[in-house]
Each structure stands twice: as structure tokens, then as C-alpha cells.
Amino acid sequence: MYEIWLMLNIVWEIALGLWPLLLAAAVLWGILMLTAWRRAGTRWRAGLPLALGVGVLVMAVAAPLIPGWNRSTLADMGYWVDWANLLAVAAGFGAVAVAFAWPLSAMRQGLAQR
């Protein structure tokens, strides 16, 4: 349990250093969602497959890059918690990609239908 708590503390400390960027991303995402929600013809369900594909692609690209961002390597990861942390952070990047891609692809699907 200690390892999981340590992992969460590390992620929290990284987020504290990036809070202005995270705040700007949250505001941008809110504006994007509001724009998509108000636009007539937005097809949320039709835009989901493309958004999920973008999320999987971002996760696959981010996973091998994340250790380098933390001044580490994949060879340094010898414990299961390290791998769990890597996959969780990569999944977080993928989830953010889905969150931004979904309203964009939903609006795009609405335009393509016209």
C-alpha cells in the first residue's frame, strides 16, 4: 500500500509543478465542450470511435516517452509499481487526448453529415 501512496504523491508533485498548464487546458476543454454542445448537428456517438483511436495512439506514444520526461529509463523500472505508474500516467495522457478529440470529432461528424 505504501508504494501506491508514494506513486500518487509523485503524480501530485508533478501536477503541482504544472498547475498553470493544467488550468489552461481545463479552461480550453470547457470552452471546447461548450462550443460542441451548443453547435447544432454535433454527433457525439459518431465522433467517439475516432476520439478513442486518438486516445489509444497517444497512450502508445506516451508510454515509452514518459520515463525520459522523469529523467529515468525503461531499464530502471524493475518493480511492478513502476510499471503500474507508467501505464496509469500513459492512460491519463490517452484520456486527456480522448477528452479533447471527442468534441472535435463529434463536431466534424456533424459537418460531414450536412
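Per-structure values
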| quantity | calculated |
| --- | --- |
| Boolean, Leu34 is over 10 Å from Pro103 (Cα atoms) and open to solvent by 70 Å² or more (accessible area, probe 1.4 Å) | no |
| Candidates Leu16, Leu28 - the one that is out of contact with any strand residue (DSSP E or B) (no Cβ under 7 Å at 6 or more places or on another chain) and at pLDDT 95 or above | Leu28 |
| Which numbered condition Phe93 fails, given (1) surrounded by fewer than 16 Cβ atoms within 10 Å (Cβ to Cβ); (2) touching a residue at least 12 places away in the same chain (Cβ under 8 Å); (3) of a type outside the set (Gly, Ala, Ser) | (1) |
| Which numbered condition Leu86 fails, given (1) touching a Pro at 6+ places or on another chain (Cβ under 8 Å); (2) touching a residue at least 40 places away in the same chain (Cβ under 8 Å); (3) in a helix (DSSP H, G or I) | (2) |
| Number of the exception - Thr42 against (1) under 23 Å from Ile4 (Cβ atoms); (2) touching a residue at least 12 places away in the same chain (Cβ under 8 Å); (3) of a type in the set (S, T, N, Q); (4) outside any helix (DSSP H, G or I) | (1) |
| The listed residue being on the phi > 0 side of the Ramachandran plot, over 18 Å from the mean Cα position of the chain (by Cα) and modelled with pLDDT under 90, out of Gly78, Gly41 | Gly41 |
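The values are calculated or read from the model by the stated rules, or taken from the named source; none is laboratory data. Just so it is clear, the model here is predicted, and its values are computed rather than measured. Here the Cβ is made from the backbone with ideal geometry for all residues, glycine too, and neighbour counts use every protein chain on show. Remember, those area values only see protein heavy atoms, side chains included, never the ligands or the DNA or RNA. Shrake-Rupley method; radii C 1.70, N 1.55, O 1.52, S 1.80 Å.
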